[in-house]
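Trainee: Can you keep this structure in mind? I'll have questions shortly.
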Amino acid sequence: MTRNSAVRDLTCRACGDSFDPAETTGPCPSCDGHLTVTYDLDTVEFTPETVADRRYDGIARYAELLPFTAETLVTMDEGATPLVACPDLADEWGVGEVYVKDEGRNPTGSVADRGMAVAVTAAAEAGAEDVALPTTGIEGQAAAAYAARAGLDSHSFVPSRATFDAKAMINVHGGDMEVVGGRYGDAVESFRETVAEEGWHSLAPFGTPYRREGAKTLAYELAEQLDWTAPDAVVYPTGEGVGLVGTHAGATELADLGIVGDTPAVYAAQADGCAPVVEAFENDADDTEVWETPDTICGGIEIPDPAGGADVLAAIRESDGGAVATEDREALEGAVSIAQAEGVEIGASAGVAASGAAALADQGALGPDDTVVLVNTLPGNAEADILRNHLVSKGI
Ligand SMILES: N[C@@H](CCOP(=O)(O)O)C(=O)O
(Lines give C-alpha, C1' and ligand atoms only; values in the text may rest on other atoms or scores of the structure.)
Protein backbone atom coordinates (compact mmCIF):
# COMPACT_ATOMS: atom_id res chain seq x y z
CA MET A 1 0.00 0.00 0.00
CA THR A 2 1.38 3.39 -0.96
CA ARG A 3 -1.37 5.78 0.12
CA ASN A 4 -2.36 6.47 3.69
CA SER A 5 -5.76 4.75 4.12
CA ALA A 6 -6.92 7.67 6.32
CA VAL A 7 -6.94 10.01 3.31
CA ARG A 8 -10.56 10.81 2.45
CA ASP A 9 -10.29 12.97 -0.65
CA LEU A 10 -8.95 16.17 -2.18
CA THR A 11 -11.32 19.05 -1.48
CA CYS A 12 -11.28 22.39 -3.26
CA ARG A 13 -10.99 25.39 -0.95
CA ALA A 14 -12.79 27.59 -3.48
CA CYS A 15 -15.77 25.55 -4.80
CA GLY A 16 -15.97 22.71 -2.26
CA ASP A 17 -15.91 19.92 -4.87
CA SER A 18 -14.03 16.78 -3.87
CA PHE A 19 -11.92 14.41 -5.92
CA ASP A 20 -10.27 11.02 -5.73
CA PRO A 21 -6.52 11.54 -5.08
CA ALA A 22 -5.76 8.67 -7.46
CA GLU A 23 -7.26 10.66 -10.31
CA THR A 24 -6.23 14.27 -9.69
CA THR A 25 -2.83 15.72 -8.92
CA GLY A 26 -3.02 19.42 -9.78
CA PRO A 27 -5.42 22.26 -9.05
CA CYS A 28 -9.21 21.77 -8.89
CA PRO A 29 -10.52 20.34 -12.20
CA SER A 30 -13.82 22.25 -11.69
CA CYS A 31 -12.55 25.75 -10.90
CA ASP A 32 -8.74 25.73 -10.80
CA GLY A 33 -8.83 26.41 -7.03
CA HIS A 34 -6.44 24.94 -4.45
CA LEU A 35 -7.04 21.35 -3.45
CA THR A 36 -6.50 20.24 0.13
CA VAL A 37 -5.91 16.66 1.27
CA THR A 38 -8.56 15.71 3.84
CA TYR A 39 -8.24 12.87 6.35
CA ASP A 40 -10.67 10.80 8.40
CA LEU A 41 -9.16 11.96 11.67
CA ASP A 42 -11.31 9.40 13.56
CA THR A 43 -9.30 6.60 11.97
CA VAL A 44 -5.88 8.21 12.48
CA GLU A 45 -3.72 6.71 15.21
CA PHE A 46 -1.57 9.70 16.10
CA THR A 47 -0.74 10.35 19.72
CA PRO A 48 2.47 11.41 21.50
CA GLU A 49 2.96 7.73 22.35
CA THR A 50 2.51 6.39 18.79
CA VAL A 51 4.88 9.09 17.51
CA ALA A 52 7.48 8.22 20.17
CA ASP A 53 7.36 4.58 18.97
CA ARG A 54 8.20 5.48 15.36
CA ARG A 55 11.61 4.51 14.07
CA TYR A 56 11.86 7.58 11.84
CA ASP A 57 13.27 10.97 12.85
CA GLY A 58 12.33 13.04 9.78
CA ILE A 59 8.90 13.77 8.33
CA ALA A 60 8.10 10.04 7.98
CA ARG A 61 7.72 10.09 11.77
CA TYR A 62 4.34 11.74 11.19
CA ALA A 63 3.20 9.55 8.27
CA GLU A 64 -0.23 8.95 9.87
CA LEU A 65 -1.03 12.55 8.90
CA LEU A 66 0.65 12.46 5.49
CA PRO A 67 -0.87 11.24 2.21
CA PHE A 68 1.64 8.42 1.66
CA THR A 69 3.02 5.64 3.83
CA ALA A 70 6.44 6.11 5.42
CA GLU A 71 7.90 3.37 3.21
CA THR A 72 6.68 5.08 0.02
CA LEU A 73 7.96 8.59 0.72
CA VAL A 74 10.83 9.92 -1.40
CA THR A 75 12.72 11.05 1.64
CA MET A 76 16.20 12.04 2.80
CA ASP A 77 15.12 12.35 6.44
CA GLU A 78 14.22 16.01 5.91
CA GLY A 79 12.72 17.61 9.00
CA ALA A 80 13.91 16.80 12.53
CA THR A 81 15.48 20.26 12.52
CA PRO A 82 16.61 21.88 15.78
CA LEU A 83 14.48 24.29 17.77
CA VAL A 84 17.15 26.59 19.19
CA ALA A 85 16.41 28.68 22.29
CA CYS A 86 17.41 32.36 22.02
CA PRO A 87 17.24 33.73 25.58
CA ASP A 88 19.00 37.03 24.79
CA LEU A 89 16.40 37.84 22.14
CA ALA A 90 13.60 36.99 24.56
CA ASP A 91 15.07 39.42 27.11
CA GLU A 92 15.58 42.13 24.50
CA TRP A 93 12.02 41.87 23.19
CA GLY A 94 10.39 41.34 26.60
CA VAL A 95 8.72 38.07 25.58
CA GLY A 96 8.66 34.78 27.48
CA GLU A 97 10.73 32.56 25.20
CA VAL A 98 12.11 32.85 21.68
CA TYR A 99 13.18 29.91 19.52
CA VAL A 100 14.57 29.66 16.02
CA LYS A 101 13.25 26.65 14.10
CA ASP A 102 16.35 26.10 12.01
CA GLU A 103 15.20 24.83 8.64
CA GLY A 104 18.64 25.59 7.24
CA ARG A 105 19.62 22.16 8.58
CA ASN A 106 17.55 20.26 5.99
CA PRO A 107 19.16 18.01 3.33
CA THR A 108 19.36 20.71 0.64
CA GLY A 109 19.49 23.47 3.26
CA SER A 110 15.96 24.81 3.16
CA VAL A 111 12.43 24.48 4.43
CA ALA A 112 11.36 23.56 0.87
CA ASP A 113 12.62 20.00 1.40
CA ARG A 114 9.60 19.08 3.52
CA GLY A 115 7.08 19.93 0.82
CA MET A 116 9.19 18.65 -2.02
CA ALA A 117 9.56 15.19 -0.42
CA VAL A 118 5.78 14.74 -0.45
CA ALA A 119 5.12 16.49 -3.78
CA VAL A 120 7.78 14.48 -5.63
CA THR A 121 6.38 11.27 -4.06
CA ALA A 122 2.96 12.25 -5.45
CA ALA A 123 4.47 12.95 -8.88
CA ALA A 124 6.20 9.56 -8.95
CA GLU A 125 2.99 7.85 -7.79
CA ALA A 126 1.11 9.55 -10.62
CA GLY A 127 3.59 8.16 -13.14
CA ALA A 128 5.15 11.51 -14.02
CA GLU A 129 8.51 11.56 -15.74
CA ASP A 130 9.11 15.31 -15.63
CA VAL A 131 8.37 17.80 -12.87
CA ALA A 132 8.53 21.59 -13.19
CA LEU A 133 8.17 24.72 -11.09
CA PRO A 134 8.86 28.44 -10.91
CA THR A 135 11.23 29.19 -8.05
CA THR A 136 13.22 31.94 -6.39
CA GLY A 137 16.03 29.36 -6.12
CA ILE A 138 15.80 27.16 -3.04
CA GLU A 139 12.63 25.33 -4.09
CA GLY A 140 14.27 24.50 -7.44
CA GLN A 141 17.29 23.13 -5.61
CA ALA A 142 15.03 20.96 -3.43
CA ALA A 143 12.94 19.83 -6.42
CA ALA A 144 16.05 18.89 -8.39
CA ALA A 145 17.39 16.86 -5.47
CA TYR A 146 14.17 14.95 -4.74
CA ALA A 147 13.43 14.43 -8.44
CA ALA A 148 16.93 12.97 -8.86
CA ARG A 149 16.27 10.62 -5.95
CA ALA A 150 12.97 9.50 -7.53
CA GLY A 151 14.49 9.12 -11.01
CA LEU A 152 12.50 12.02 -12.49
CA ASP A 153 13.66 14.95 -14.61
CA SER A 154 13.17 18.39 -13.07
CA HIS A 155 12.76 21.77 -14.79
CA SER A 156 13.21 24.95 -12.73
CA PHE A 157 12.28 28.44 -13.93
CA VAL A 158 14.52 30.78 -11.96
CA PRO A 159 14.89 34.58 -12.06
CA SER A 160 18.43 35.66 -12.86
CA ARG A 161 18.73 37.31 -9.44
CA ALA A 162 18.51 33.92 -7.60
CA THR A 163 21.60 33.13 -5.56
CA PHE A 164 24.56 31.49 -7.29
CA ASP A 165 24.45 28.61 -4.77
CA ALA A 166 20.85 27.62 -5.55
CA LYS A 167 21.34 27.84 -9.31
CA ALA A 168 24.56 25.85 -9.15
CA MET A 169 23.02 23.11 -7.01
CA ILE A 170 20.03 22.72 -9.37
CA ASN A 171 22.57 21.79 -12.02
CA VAL A 172 24.64 19.65 -9.65
CA HIS A 173 21.52 17.54 -9.03
CA GLY A 174 21.12 17.14 -12.80
CA GLY A 175 18.13 19.49 -12.99
CA ASP A 176 17.29 21.43 -16.11
CA MET A 177 17.10 25.18 -15.43
CA GLU A 178 15.76 28.12 -17.39
CA VAL A 179 17.25 31.33 -16.03
CA VAL A 180 14.71 34.02 -16.82
CA GLY A 181 15.82 37.64 -17.08
CA GLY A 182 13.99 39.91 -14.65
CA ARG A 183 12.27 38.99 -11.44
CA TYR A 184 10.23 36.09 -10.04
CA GLY A 185 7.04 37.18 -11.85
CA ASP A 186 8.87 36.74 -15.17
CA ALA A 187 9.94 33.22 -14.17
CA VAL A 188 6.31 32.35 -13.30
CA GLU A 189 5.17 33.58 -16.70
CA SER A 190 7.78 31.53 -18.52
CA PHE A 191 6.88 28.46 -16.42
CA ARG A 192 3.17 28.84 -17.27
CA GLU A 193 3.87 29.16 -20.99
CA THR A 194 5.91 25.95 -20.99
CA VAL A 195 4.46 23.55 -18.42
CA ALA A 196 1.12 22.81 -20.11
CA GLU A 197 2.68 22.65 -23.56
CA GLU A 198 5.23 20.07 -22.38
CA GLY A 199 2.76 18.15 -20.21
CA TRP A 200 5.08 18.32 -17.20
CA HIS A 201 3.82 17.57 -13.70
CA SER A 202 3.55 20.84 -11.79
CA LEU A 203 5.35 21.34 -8.48
CA ALA A 204 4.35 25.01 -8.42
CA PRO A 205 3.26 26.33 -5.02
CA PHE A 206 -0.44 25.35 -4.67
CA GLY A 207 -0.25 23.89 -8.23
CA THR A 208 0.00 20.62 -6.31
CA PRO A 209 -1.81 19.92 -3.02
CA TYR A 210 1.24 18.07 -1.70
CA ARG A 211 3.84 20.76 -0.92
CA ARG A 212 1.49 22.07 1.76
CA GLU A 213 1.21 18.51 3.15
CA GLY A 214 4.95 18.31 3.69
CA ALA A 215 5.03 21.83 5.16
CA LYS A 216 2.51 20.70 7.83
CA THR A 217 5.17 18.59 9.51
CA LEU A 218 6.88 21.72 10.87
CA ALA A 219 3.88 22.19 13.19
CA TYR A 220 4.04 18.56 14.39
CA GLU A 221 7.74 18.94 15.17
CA LEU A 222 7.24 22.20 17.03
CA ALA A 223 4.59 20.58 19.21
CA GLU A 224 6.74 17.52 19.88
CA GLN A 225 9.83 19.63 20.65
CA LEU A 226 7.79 21.71 23.10
CA ASP A 227 6.57 18.58 24.90
CA TRP A 228 3.30 18.43 22.97
CA THR A 229 2.25 21.99 23.52
CA ALA A 230 1.75 24.61 20.82
CA PRO A 231 3.88 27.76 20.85
CA ASP A 232 1.89 30.97 21.25
CA ALA A 233 3.15 32.49 18.01
CA VAL A 234 4.99 31.45 14.86
CA VAL A 235 6.51 34.21 12.74
CA TYR A 236 7.00 32.92 9.22
CA PRO A 237 8.84 34.67 6.32
CA THR A 238 6.13 34.58 3.67
CA GLY A 239 6.43 34.47 -0.09
CA GLU A 240 3.92 32.23 -1.92
CA GLY A 241 2.54 31.13 1.44
CA VAL A 242 3.07 27.35 1.32
CA GLY A 243 5.04 27.25 4.57
CA LEU A 244 2.72 29.41 6.65
CA VAL A 245 -0.46 27.76 5.36
CA GLY A 246 0.99 24.28 5.90
CA THR A 247 2.11 25.13 9.43
CA HIS A 248 -1.35 26.40 10.33
CA ALA A 249 -2.97 23.31 8.77
CA GLY A 250 -0.71 20.96 10.75
CA ALA A 251 -1.35 22.85 13.99
CA THR A 252 -5.10 22.72 13.35
CA GLU A 253 -4.98 18.94 12.85
CA LEU A 254 -3.18 18.52 16.19
CA ALA A 255 -5.82 20.65 17.91
CA ASP A 256 -8.64 18.70 16.18
CA LEU A 257 -7.06 15.46 17.41
CA GLY A 258 -7.01 16.89 20.94
CA ILE A 259 -3.21 16.62 21.16
CA VAL A 260 -2.64 20.33 21.79
CA GLY A 261 -5.13 22.75 23.33
CA ASP A 262 -4.79 25.58 20.88
CA THR A 263 -3.14 26.54 17.60
CA PRO A 264 -0.36 29.14 17.51
CA ALA A 265 -1.09 32.60 16.19
CA VAL A 266 0.67 32.65 12.82
CA TYR A 267 2.24 35.88 11.59
CA ALA A 268 3.31 36.51 7.99
CA ALA A 269 6.60 38.44 7.92
CA GLN A 270 7.40 40.30 4.70
CA ALA A 271 9.82 42.96 3.51
CA ASP A 272 8.22 46.36 3.03
CA GLY A 273 9.52 46.40 -0.56
CA CYS A 274 7.18 43.52 -1.41
CA ALA A 275 4.40 43.06 1.12
CA PRO A 276 1.16 42.06 -0.64
CA VAL A 277 -0.05 39.96 2.31
CA VAL A 278 0.55 42.75 4.82
CA GLU A 279 -1.25 45.24 2.59
CA ALA A 280 -4.27 42.94 2.16
CA PHE A 281 -4.36 42.16 5.88
CA GLU A 282 -4.32 45.84 6.79
CA ASN A 283 -7.04 46.56 4.22
CA ASP A 284 -9.26 43.74 5.54
CA ALA A 285 -9.16 42.16 2.09
CA ASP A 286 -9.78 38.46 1.43
CA ASP A 287 -7.07 38.17 -1.20
CA THR A 288 -3.84 39.89 -2.14
CA GLU A 289 -3.38 42.32 -5.02
CA VAL A 290 -0.34 42.27 -7.27
CA TRP A 291 2.55 44.29 -5.79
CA GLU A 292 3.54 46.38 -8.78
CA THR A 293 7.10 47.35 -7.85
CA PRO A 294 8.68 44.48 -5.91
CA ASP A 295 12.06 45.44 -4.54
CA THR A 296 13.72 43.74 -1.60
CA ILE A 297 17.14 42.28 -0.89
CA CYS A 298 15.31 39.21 0.46
CA GLY A 299 14.89 37.52 -2.94
CA GLY A 300 13.34 34.34 -1.49
CA ILE A 301 10.25 36.24 -0.41
CA GLU A 302 10.06 38.78 -3.23
CA ILE A 303 6.76 37.34 -4.50
CA PRO A 304 4.54 40.07 -5.97
CA ASP A 305 1.47 37.89 -6.57
CA PRO A 306 1.43 35.06 -4.01
CA ALA A 307 -0.47 31.99 -5.18
CA GLY A 308 -1.49 31.36 -1.58
CA GLY A 309 -2.51 34.93 -0.77
CA ALA A 310 -6.13 34.11 0.15
CA ASP A 311 -5.07 30.97 2.03
CA VAL A 312 -2.48 32.92 4.05
CA LEU A 313 -4.99 35.62 4.97
CA ALA A 314 -7.52 32.98 6.05
CA ALA A 315 -4.86 31.19 8.17
CA ILE A 316 -3.64 34.31 9.95
CA ARG A 317 -7.18 35.46 10.71
CA GLU A 318 -8.33 32.02 11.86
CA SER A 319 -5.34 31.79 14.21
CA ASP A 320 -5.64 35.36 15.54
CA GLY A 321 -2.26 36.13 14.08
CA GLY A 322 -1.32 38.94 11.75
CA ALA A 323 1.08 40.29 9.17
CA VAL A 324 4.06 42.57 9.58
CA ALA A 325 6.45 44.28 7.16
CA THR A 326 9.86 45.73 7.97
CA GLU A 327 12.64 47.41 6.00
CA ASP A 328 15.48 45.43 4.43
CA ARG A 329 17.94 47.23 6.68
CA GLU A 330 16.03 46.06 9.78
CA ALA A 331 15.82 42.50 8.46
CA LEU A 332 19.57 42.31 7.81
CA GLU A 333 20.20 43.85 11.22
CA GLY A 334 17.93 41.16 12.71
CA ALA A 335 19.83 38.34 10.99
CA VAL A 336 23.22 39.76 11.98
CA SER A 337 22.22 40.40 15.58
CA ILE A 338 20.95 36.82 16.01
CA ALA A 339 24.26 35.55 14.60
CA GLN A 340 26.17 37.80 17.02
CA ALA A 341 24.05 37.39 20.16
CA GLU A 342 22.92 33.78 19.82
CA GLY A 343 25.39 32.27 17.35
CA VAL A 344 22.54 31.06 15.11
CA GLU A 345 23.08 31.62 11.38
CA ILE A 346 19.89 32.67 9.60
CA GLY A 347 19.20 33.89 6.09
CA ALA A 348 17.98 37.31 5.00
CA SER A 349 14.33 36.20 4.74
CA ALA A 350 14.42 34.90 8.29
CA GLY A 351 15.87 38.29 9.21
CA VAL A 352 12.44 39.61 8.21
CA ALA A 353 10.89 37.22 10.75
CA ALA A 354 13.30 38.54 13.39
CA SER A 355 12.69 42.23 12.67
CA GLY A 356 8.96 41.51 12.27
CA ALA A 357 8.82 39.76 15.64
CA ALA A 358 10.67 42.67 17.26
CA ALA A 359 8.07 45.05 15.81
CA LEU A 360 5.22 42.83 17.03
CA ALA A 361 6.72 42.73 20.53
CA ASP A 362 7.02 46.51 20.43
CA GLN A 363 3.33 46.81 19.50
CA GLY A 364 2.39 44.48 22.37
CA ALA A 365 1.17 41.69 20.07
CA LEU A 366 3.77 39.36 21.64
CA GLY A 367 3.88 39.46 25.43
CA PRO A 368 5.98 38.46 28.45
CA ASP A 369 4.37 35.02 28.75
CA ASP A 370 4.52 34.13 25.08
CA THR A 371 6.59 31.40 23.46
CA VAL A 372 7.55 32.71 20.05
CA VAL A 373 9.05 30.71 17.17
CA LEU A 374 10.91 32.34 14.26
CA VAL A 375 11.21 30.12 11.21
CA ASN A 376 14.64 30.24 9.58
CA THR A 377 14.05 29.13 6.00
CA LEU A 378 17.66 28.66 4.84
CA PRO A 379 21.17 28.81 6.30
CA GLY A 380 22.86 32.17 6.79
CA ASN A 381 25.93 31.13 4.82
CA ALA A 382 23.75 30.68 1.68
CA GLU A 383 23.37 34.48 1.79
CA ALA A 384 26.69 35.35 3.43
CA ASP A 385 27.44 38.01 0.81
CA ILE A 386 24.17 39.87 1.52
CA LEU A 387 24.73 39.76 5.29
CA ARG A 388 28.37 40.83 5.07
CA ASN A 389 27.57 43.66 2.64
CA HIS A 390 25.20 44.98 5.28
CA LEU A 391 28.08 45.14 7.75
CA VAL A 392 30.29 46.80 5.15
CA SER A 393 27.58 49.40 4.47
CA LYS A 394 27.70 50.22 8.20
CA GLY A 395 31.46 50.67 7.97
CA ILE A 396 32.25 47.53 9.98
N1 LIG B 1 10.79 30.76 0.03
C2 LIG B 1 10.94 31.49 1.26
C3 LIG B 1 10.33 30.78 2.42
C4 LIG B 1 8.80 30.78 2.50
O5 LIG B 1 8.22 30.69 1.27
P6 LIG B 1 6.69 30.37 1.00
O7 LIG B 1 6.60 30.41 -0.49
O8 LIG B 1 6.39 29.04 1.56
O9 LIG B 1 5.86 31.46 1.61
C10 LIG B 1 12.42 31.83 1.49
O11 LIG B 1 13.20 31.74 0.56
O12 LIG B 1 12.78 32.24 2.59
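Trainee: Mind counting the residues in the range 347-369 that are surrounded by fewer than 21 Cβ atoms within 10 Å (Cβ to Cβ) and within 21 Å of L244 (Cβ to Cβ)?
Mentor: At the first step, the residues of the range 347-369 found to be surrounded by fewer than 21 Cβ atoms within 10 Å (Cβ to Cβ) are 359, 362-365, 367-369.
After this cut, where a residue has to be within 21 Å of L244 (Cβ to Cβ) as well, the list is 359, 363, 365.
Matching residues across the range 347-369 total 3.
Trainee: Yes or no: G380 open to solvent by less than 30 Å² (accessible area, probe 1.4 Å) and modelled with pLDDT of 95 or more? Walk me through it before giving the result.
Mentor: Values: open to solvent by less than 30 Å² (accessible area, probe 1.4 Å): yes; modelled with pLDDT of 95 or more: no.
No: the conditions fail for G380.
Trainee: Does the range 46-62 contain at least one residue that is in contact with a strand residue (DSSP E or B) (Cβ under 7 Å, 6 or more places away or on another chain) and either in the same structural domain as W228 (by the TED database) or open to solvent by less than 10 Å² (accessible area, probe 1.4 Å) (or both)?
Mentor: Step one: filter the range 46-62 for residues in contact with a strand residue (DSSP E or B) (Cβ under 7 Å, 6 or more places away or on another chain), giving none.
No, there is no match, as no residue in the range 46-62 is in contact with a strand residue (DSSP E or B) (Cβ under 7 Å, 6 or more places away or on another chain) and either in the same structural domain as W228 (by the TED database) or open to solvent by less than 10 Å² (accessible area, probe 1.4 Å) (or both).
Trainee: Condition first: of a type in the set (S, T, N, Q), open to solvent by 50 Å² or more (accessible area, probe 1.4 Å) and in a strand (DSSP E or B). Now tell me which residues in the range 4-45 satisfy that.
Mentor: If the condition is that a residue be of a type in the set (S, T, N, Q), open to solvent by 50 Å² or more (accessible area, probe 1.4 Å) and in a strand (DSSP E or B), then S18 is the only one that fits.
Trainee: From the list V324, V344, exactly one residue is buried (at least 20 other Cβ atoms within 10 Å of the Cβ), in contact (Cβ under 8 Å) with a residue 12 or more places away in the chain, under 22 Å from the mean Cα position of the chain (by Cα) and assigned to a strand (DSSP E or B). Which is it? Spell out the reasoning first.
Mentor: Numbers: V344 fails: assigned to a strand (DSSP E or B).
Criteria check complete, one pass: V324.
Trainee: Report those strands (runs of 3 or more DSSP E) wholly inside the range 78-193 carrying at least 3 residues which are closer than 26 Å to W291 by Cα.
Mentor: On the way: elements: 83-85, 97-102, 130-134, 153-159, 176-180.
Ranges flagged: 130-134, 153-159, 176-180.
Trainee: Something else: Can you find even one residue in the range 260-270 that is assigned by the TED database to the domain that holds Q363, within 12 Å of the ligand (Cβ to nearest atom) and not small (G, A, S)?
Mentor: Residues of the range 260-270 that are assigned by the TED database to the domain that holds Q363, as a first pass: 260-270.
Within this subset, residues satisfying the condition of being within 12 Å of the ligand (Cβ to nearest atom) are 266, 268-270.
From what is left, the residues that are not small (G, A, S) are 266, 270.
Yes, the conditions are met somewhere in the range 260-270.
Trainee: Further question: For the range 370-377, state whether one or more residues are within 12 Å of the ligand (Cβ to nearest atom), open to solvent by 10 Å² or more (accessible area, probe 1.4 Å) and either in contact (Cβ under 8 Å) with a residue 40 or more places away in the chain or in a helix (DSSP H, G or I) (or both).
Mentor: The answer is yes, given that some residue of the range 370-377 is within 12 Å of the ligand (Cβ to nearest atom), open to solvent by 10 Å² or more (accessible area, probe 1.4 Å) and either in contact (Cβ under 8 Å) with a residue 40 or more places away in the chain or in a helix (DSSP H, G or I) (or both).
Trainee: Which residues, counting only those in the range 224-240, are more than 8 Å from the ligand (Cβ to nearest atom), touching a residue at least 24 places away in the same chain (Cβ under 8 Å) and either farther than 19 Å from L366 by Cα or part of a loop (DSSP other than H, G, I, E, B) (or both)? I'd like the intermediate steps shown before the answer.
Mentor: The first filter runs over the range 224-240 and keeps only residues more than 8 Å from the ligand (Cβ to nearest atom), leaving 224-235.
Remaining after also requiring touching a residue at least 24 places away in the same chain (Cβ under 8 Å): 224-226, 228-235.
Within the range 224-240, E224, Q225, L226, W228, T229, A230, P231, D232 qualify.
Trainee: Quick one: how many residues across the range 147-181 are within 16 Å of the ligand (Cβ to nearest atom) and either of a type outside the set (A, V, I, L, M, F, W, C) or over 19 Å from R114 (Cα atoms) (or both)?
Mentor: Step one: list which residues in the range 147-181 are within 16 Å of the ligand (Cβ to nearest atom), which gives 156-159, 161-167, 169-170.
Within this subset, residues satisfying the condition of being either of a type outside the set (A, V, I, L, M, F, W, C) or over 19 Å from R114 (Cα atoms) (or both) are 156-159, 161-165, 167.
Counting residues in the range 147-181 that are within 16 Å of the ligand (Cβ to nearest atom) and either of a type outside the set (A, V, I, L, M, F, W, C) or over 19 Å from R114 (Cα atoms) (or both) gives 10.
Condition check ((1) open to solvent by less than 30 Å² (accessible area, probe 1.4 Å); (2) free of Cβ contacts under 8 Å to residues at least 40 places away in the same chain; (3) away from the ligand (no atom under 15 Å from the Cβ)) across all residues:
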residue	(1), (2), (3)
V242	yes, no, no
L254	yes, yes, yes
C274	yes, yes, no
V278	yes, no, no
N283	no, yes, yes
D286	no, yes, yes
W291	no, yes, no
E302	yes, no, no
D305	no, no, no
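Trainee: Looking for whichever is more than 15 Å from the ligand (Cβ to nearest atom), surrounded by 24 or more Cβ atoms within 10 Å (Cβ to Cβ) and free of Cβ contacts under 8 Å to residues at least 60 places away in the same chain here; the options are A144, A123, A132. Which one fits? Before you say what the answer is, go through the steps one by one.
Mentor: Values: A123 fails: free of Cβ contacts under 8 Å to residues at least 60 places away in the same chain; A132 fails: free of Cβ contacts under 8 Å to residues at least 60 places away in the same chain.
Step by step, each of A144, A123, A132 is checked, and only A144 is more than 15 Å from the ligand (Cβ to nearest atom), surrounded by 24 or more Cβ atoms within 10 Å (Cβ to Cβ) and free of Cβ contacts under 8 Å to residues at least 60 places away in the same chain.
Trainee: Can you find, within the range 207-218, the residue that is nearest to the chain's Cα centre (by Cα) among those that are more than 15 Å from Y146 (Cβ to Cβ) and open to solvent by 10 Å² or more (accessible area, probe 1.4 Å)? Walk me through it before giving the result.
Mentor: Looking only at the range 207-218, we keep the residues that are more than 15 Å from Y146 (Cβ to Cβ), and these are 207, 209, 212, 216, 218.
Next, only the ones that are open to solvent by 10 Å² or more (accessible area, probe 1.4 Å) stay: 207, 212.
Values: G207: 14, R212: 8 Å.
Top of the filtered list is R212.
Trainee: Going by the structure shown, is E103 open to solvent by less than 30 Å² (accessible area, probe 1.4 Å) and not hydroxyl-bearing (S, T, Y)?
Mentor: Values: open to solvent by less than 30 Å² (accessible area, probe 1.4 Å): yes; not hydroxyl-bearing (S, T, Y): yes.
The answer is yes for E103.
Trainee: Every residue in the range 352-366 that is within 16 Å of V336 (Cα to Cα) and either of a type in the set (G, A, S) or not assigned by the TED database to the domain that holds D320 (or both), please.
Mentor: The first filter runs over the range 352-366 and keeps only residues within 16 Å of V336 (Cα to Cα), leaving 352-358.
Within the range 352-366, A353, A354, S355, G356, A357, A358 qualify.
Trainee: Right, another one. Any residue in the range 180-195 that's closer than 19 Å to G239 by Cα and modelled with pLDDT of 95 or more: show its pairings with residues that are in a helix (DSSP H, G or I) and not β-branched (V, I, T) at Cβ separation under 6 Å, as long as the two are six or more apart or on different chains.
Mentor: V180/D186; V180/A187; V180/S190
The values are calculated or read from the model by the stated rules, or taken from the named source; none is laboratory data. For clarity, every value in this text was computed on a predicted model and none was experimentally measured. A quick note on method: Cβ atoms are made from the backbone with ideal geometry, for glycine too, and the neighbour counts reach across all protein chains shown. For the accessible areas, the whole protein counts, side chains as well, though only heavy atoms, and no ligand, DNA or RNA atoms are used. Shrake-Rupley method; radii C 1.70, N 1.55, O 1.52, S 1.80 Å.
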